[in-house]
Structure formats: structure tokens, C-alpha cells
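These notes are about the structure you will find just below.
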Amino acid sequence: MRFILAKKLQMAQIFDSEGKAVPVTLVQAGPCFVTQVKSKDTKDGYSAVQIAFGEIKHINKPKEGHLSKIKNEKLKMKNFGKYLREFRIANSEMKLGDEIKADIFKEGDEVKVIGISKGKGFAGVVKRHGFAGGPASHGQKDRLRAPGSIGSTFPERVLKGKRMAGRMGGERVTVEGLTVAKVDAENNIIAIKGAVPGNRGQLLEIISD
């Protein structure tokens, strides 16, 4: 299992060997540093690896103390560790302070990308759930995009989980089956074929099994 934290940069396009345009998302992947290694033998009771990504202007005392365990001068000098994320992995050979860079992936790798989707505010049932809406004729007035009846005679209440209008987006989303189109190891930039969740600057988790 391979993983890295990244920042979404922008959409772009590259051209394949046949000259066809391929839409890609450019992400700044790493460098990340291993900040904690957990195992079943410790008090944690499970195996996992925690990694840090991104520079932070002002680091708080608890995080500073946590990161002080890392024997890595580069990490200390740059106030590294804006984001900390944990990945469950069995029998990891990683050690504290190990660096993870974009070259952990190669062209053609299949990955899944996890991020927070764009927030779209309050949305109705047509936009949020894809409802068809009511007929556009026969006495309709300001009801075309209304949800219609939401209850029944029994049990005389709105059932939990009923699809209705509400806050849309801003949720943790996983997109699977994406392909790494190109890797710029020197600049730690990965081009992923297709679209990934979130706005520009959004934190992403890239995982390959």
C-alpha cells in the first residue's frame, strides 16, 4: 500500500501518444514526513503510519511537541506539519522521519483520491437528489421544482433519511479508479487523469493498493 498527502492545484490537459487531449488534475504531492508509527504491540493496539504535509506559519505547542520527536532537520526548520493524517497499514517498514515524495507513484498506477467536495450551500431536491420535479403545465404555479408529498397516513411522521432539500456538498468524498497520467518527481507534482474532489488548495489523500 502506497499513500501520500497532496494539495489540489488546477485542471490542465496533456496529449497522449496519439495526439489526443487528456484532461488531468495537477496536485502538489509531498514532500511528506513520517511523524508516528503505530503497531499492535504498543498501547495503540493497531498498525498505522501518520504522516505530515504542508508548512504552517504558527505552530501550536502540542503539535510542536509531537513533531519534536522527528529527527529531521528539514522538518524542524520549515515549521512543517500543517496537516497530519493517519493511514492504517500492516507490517510497515517506515521509520520516524522518513520522507515520502511524488516518485512513490509512477505513470499508469491506479489510485483512489479522498478529499472534501465543494460546498454548494442550501440546495433543493432537484439539484441535490436529481428529482424530476412536477409537470410544467396543468395549473402548476411555482411548484415545478417542489418535492411533493413527504409523508403518508402511517406512520404519520417523516421517516429518518427522507431525501429533502438541505445543505449540499462539503462532504468527504472518495473517487476510485483514477489513473496517474504523469509524475514530475523533481517538483513533486502528479497529474491524475480526470477530476478529483474539492476546490483549489484542497487537501487530498492519494492511495494505491
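The values are calculated or read from the model by the stated rules, or taken from the named source; none is laboratory data. Nothing here was measured: the structure is a model prediction, and the numbers come from that model. Ideal geometry is used to build each Cβ from the backbone, glycine not excepted, and the neighbour counts take in all protein chains shown.
Summary table
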quantity	calculated
All strands (runs of 3 or more DSSP E) inside the stretch 147-201 with 2 or more residues being closer than 30 Å to Glu110 by Cβ	172-184, 189-193
Single residue of the stretch 10-38 satisfying the filter (of a type in the set (S, T, N, Q) and touching a residue at least 24 places away in the same chain (Cβ under 8 Å)) that is surrounded by the fewest Cβ atoms within 10 Å (Cβ to Cβ)	Gln10
Criterion: within 30 Å of Asp209 (Cα to Cα) and either over 25 Å from the mean Cα position of the chain (by Cα) or not basic (Lys, Arg) (or both) - qualifying residue of Gly170, Gly151	Gly170
Verdict on Ala132 being of a type in the set (A, V, I, L, M, F, W, C), loosely packed, with under 11 Cβ neighbours inside 10 Å and either at pLDDT 85 or above or outside any helix (DSSP H, G or I) (or both)	yes
Qualifying residue in the stretch 52-71 (condition: under 21 Å from Glu205 (Cα atoms), modelled with pLDDT of 90 or more and assigned to a strand (DSSP E or B))	yes
Leu144, sole failed condition from (1) surrounded by 10 or more Cβ atoms within 10 Å (Cβ to Cβ); (2) under 26 Å from Asn199 (Cβ atoms)	(2)
Single unsatisfied condition, Phe87 versus (1) more than 30 Å from Val183 (Cβ to Cβ); (2) surrounded by 15 or more Cβ atoms within 10 Å (Cβ to Cβ)	(1)
Scan of the stretch 103-132 for residues that are over 16 Å from the mean Cα position of the chain (by Cα) and of a type in the set (Gly, Ala, Ser), ordered by number	Gly108, Gly121, Ala123, Gly124, Gly130, Ala132
